[in-house]
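Here's the structure we're looking at; comments come further down.
The values are calculated or read from the model by the stated rules, or taken from the named source; none is laboratory data. Quick caveat: nothing in here was measured; it's all calculated off a predicted structure. Here the Cβ is made from the backbone with ideal geometry for all residues, glycine too, and neighbour counts use every protein chain on show.
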Ligand code: GDP
């Protein structure tokens, strides 16, 4: 996410040399570079100009404290201004109404159906009752897609494949939800490849008649400036409540995330960063600004870990580590837990300073594949007692997994090092506890 923009901004800040005061002269080049980086990232020209003008006047007005360099101060001001530009504070979706209807709008392919499933998962995790409604009356495949998603996440889907009247389907679905205690009704609607009158009439008709508590506009962030223009057109007709930016995991240049709020004056409420149901984040302008500036986002990282990690499993593994019994089955289970947290590259980018290091590297779930293949080729006995794995077993494991002996040896070595480290930590913990008892 935002690799290039982060890199260019970092370079821009480096052009601000010296330690003294920020002056018109020394800040001019840097501000120009920041503006260029934003425009290259597909930020609307007017928005880029406005924000950099503000950054400049803010920078000139502030005293540089002895402890920070002008460069550091400028990073801080840029972070503040980007945060403001993206809305300042997080805004939640409205969950009032009985039932509470959430209408999902957007172009075809923007990610509406996928998002509907993710939002259902998100609400279900909070212990809410959800009904998904398939109102894409033009594409039978879309109805099937939603049904499959519903099955996968354990959320009921209301559909009437023969009915060609979206409002009628949605109205019946709401009546059904009332009868069946489903407090939240997510209505997935039909999109078109481009804005057209019929689609707009249909979606505004749904909005007028269903009176949703929340109307969300879903937009593909990879479409850059188009995303902003489409948002404007939809908002003029729909007056929606919030934006969902999808596909931020891809090669997006990030411009949409930065300019949409300013141009449309509606908050971004969620961002979607992958095809899996877990790849959904509530949008926090300040955390996003930090990420754009390569400062990482540790708060989100910890939250993700808390959400995805199975607490019982964590306790079980912890106990095994303490008893020096960590084995290959536990190793596999840890990999599964990490994969559940989401896109690996994005996760690593949340560690301060890491974004720059991994720029351009290919890191994804596939990176674990060789390791998983090797472990899965071990017998249960070998996984549980790695010490029995001798030369001939290694060869068999290599053949079985289609990896080289070298890779198997490397994994064995890494695993031994890991166990050694765990043992040492246990010992140190023991020593510390002993000391603690003495003091
Ligand atoms: P709809 O036509 O608006 O309902 O769009 P879909 O939900 O069918 O999504 C279109 C395509 O985009 C599908 O292949 C999805 O898997 C994919 N998609 C949706 N959201 C994301 C995302 O956040 N990241 C990525 N990489 N793909 C996504």
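Run residue 293 past the list (1) under 23 Å from residue 121 (Cβ atoms); (2) touching a helix residue (DSSP H, G or I) at 6+ places or on another chain (Cβ under 6 Å) and report the number of the one that doesn't hold. Among (1) under 23 Å from residue 121 (Cβ atoms); (2) touching a helix residue (DSSP H, G or I) at 6+ places or on another chain (Cβ under 6 Å), residue 293 violates only (1). Selection of the range 142-165 for residues being out of contact with any strand residue (DSSP E or B) (no Cβ under 7 Å at 6 or more places or on another chain), assigned to a loop (DSSP other than H, G, I, E, B) and either over 18 Å from residue 203 (Cβ atoms) or within 11 Å of the ligand (Cβ to nearest atom) (or both) yields 154, 160, 161, 162. Considering the range 167-201, the residues that are touching a helix residue (DSSP H, G or I) at 6+ places or on another chain (Cβ under 6 Å) and in a helix (DSSP H, G or I) include one that is surrounded by the fewest Cβ atoms within 10 Å (Cβ to Cβ), namely 167.
Could we say that residue 278 is away from the ligand (no atom under 16 Å from the Cβ) and either surrounded by fewer than 20 Cβ atoms within 10 Å (Cβ to Cβ) or assigned by TED's automatic domain parsing to the domain that holds residue 114 (or both) here?
Taking the combined requirement at face value, the residue does not satisfy it.
Taking the condition farther than 22 Å from residue 210 by Cα, touching a strand residue (DSSP E or B) at 6+ places or on another chain (Cβ under 9 Å) and part of a helix (DSSP H, G or I), does residue 78 pass? It is false that residue 78 is farther than 22 Å from residue 210 by Cα, touching a strand residue (DSSP E or B) at 6+ places or on another chain (Cβ under 9 Å) and part of a helix (DSSP H, G or I).
Only residues that are over 30 Å from the mean Cα position of the chain (by Cα) and within 18 Å of residue 260 (Cβ to Cβ) were counted in the range 20-55, giving 0.
For the range 236-249, a residue qualifies if it is without any contact (Cβ under 8 Å) to a residue 60 or more places away in the chain and buried (at least 20 other Cβ atoms within 10 Å of the Cβ), and the qualifying residues are 243, 245. Using the structure shown, decide if residue 258 is surrounded by 16 or more Cβ atoms within 10 Å (Cβ to Cβ), more than 15 Å from the ligand (Cβ to nearest atom) and in the same structural domain as residue 291 (by TED's automatic domain parsing). For residue 258, the condition - surrounded by 16 or more Cβ atoms within 10 Å (Cβ to Cβ), more than 15 Å from the ligand (Cβ to nearest atom) and in the same structural domain as residue 291 (by TED's automatic domain parsing) - is met.
One line per residue, one yes/no per condition, for (1) surrounded by 16 or more Cβ atoms within 10 Å (Cβ to Cβ); (2) at pLDDT 85 or above; (3) in a helix (DSSP H, G or I); (4) not assigned by TED's automatic domain parsing to the domain that holds residue 280:
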| site | (1), (2), (3), (4) |
| --- | --- |
| 13 | yes, no, yes, yes |
| 17 | no, no, no, yes |
| 30 | yes, yes, yes, yes |
| 36 | no, yes, yes, yes |
| 47 | yes, yes, yes, yes |
| 53 | no, yes, yes, yes |
| 56 | yes, yes, yes, yes |
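What number of residues in the range 363-416 are within 32 Å of the chain's Cα centre (by Cα), assigned to a loop (DSSP other than H, G, I, E, B) and surrounded by 17 or more Cβ atoms within 10 Å (Cβ to Cβ)? Qualifying residue count, the range 363-416: 0.
Taken over the range 103-130, residues that are part of a strand (DSSP E or B) and more than 25 Å from residue 288 (Cα to Cα) amount to 2.
Taking the conditions exactly as written (more than 22 Å from the chain's Cα centre (by Cα), within 16 Å of the ligand (Cβ to nearest atom) and not in a loop (DSSP other than H, G, I, E, B)), does residue 222 satisfy them or not? No: the conditions fail for residue 222.
Consider the range 97-141 and keep the residues that are within 16 Å of the ligand (Cβ to nearest atom) and without any contact (Cβ under 8 Å) to a residue 24 or more places away in the chain. The one that is surrounded by the most Cβ atoms within 10 Å (Cβ to Cβ) is 140. The lone criterion from (1) surrounded by 17 or more Cβ atoms within 10 Å (Cβ to Cβ); (2) in a helix (DSSP H, G or I) left unmet by residue 60 is number (1).
What residue, of 119, 132, is modelled with pLDDT of 95 or more and touching a helix residue (DSSP H, G or I) at 6+ places or on another chain (Cβ under 9 Å)?
132
From the list 230, 252, 215, which one is within 16 Å of the ligand (Cβ to nearest atom), within 22 Å of residue 9 (Cα to Cα) and surrounded by 20 or more Cβ atoms within 10 Å (Cβ to Cβ)?
Selected residue: 252, the only one of 230, 252, 215 that is within 16 Å of the ligand (Cβ to nearest atom), within 22 Å of residue 9 (Cα to Cα) and surrounded by 20 or more Cβ atoms within 10 Å (Cβ to Cβ).
Is the range 342-358 home to any residue that is in a helix (DSSP H, G or I), in contact with a helix residue (DSSP H, G or I) (Cβ under 6 Å, 6 or more places away or on another chain) and either modelled with pLDDT of 85 or more or closer than 19 Å to residue 86 by Cβ (or both)? Yes, there is a match, as at least one residue in the range 342-358 is in a helix (DSSP H, G or I), in contact with a helix residue (DSSP H, G or I) (Cβ under 6 Å, 6 or more places away or on another chain) and either modelled with pLDDT of 85 or more or closer than 19 Å to residue 86 by Cβ (or both). Considering only residues in the range 284-302 that are under 12 Å from the mean Cα position of the chain (by Cα) and either within 13 Å of the ligand (Cβ to nearest atom) or within 15 Å of residue 349 (Cα to Cα) (or both), the one that is surrounded by the most Cβ atoms within 10 Å (Cβ to Cβ) turns out to be 288.
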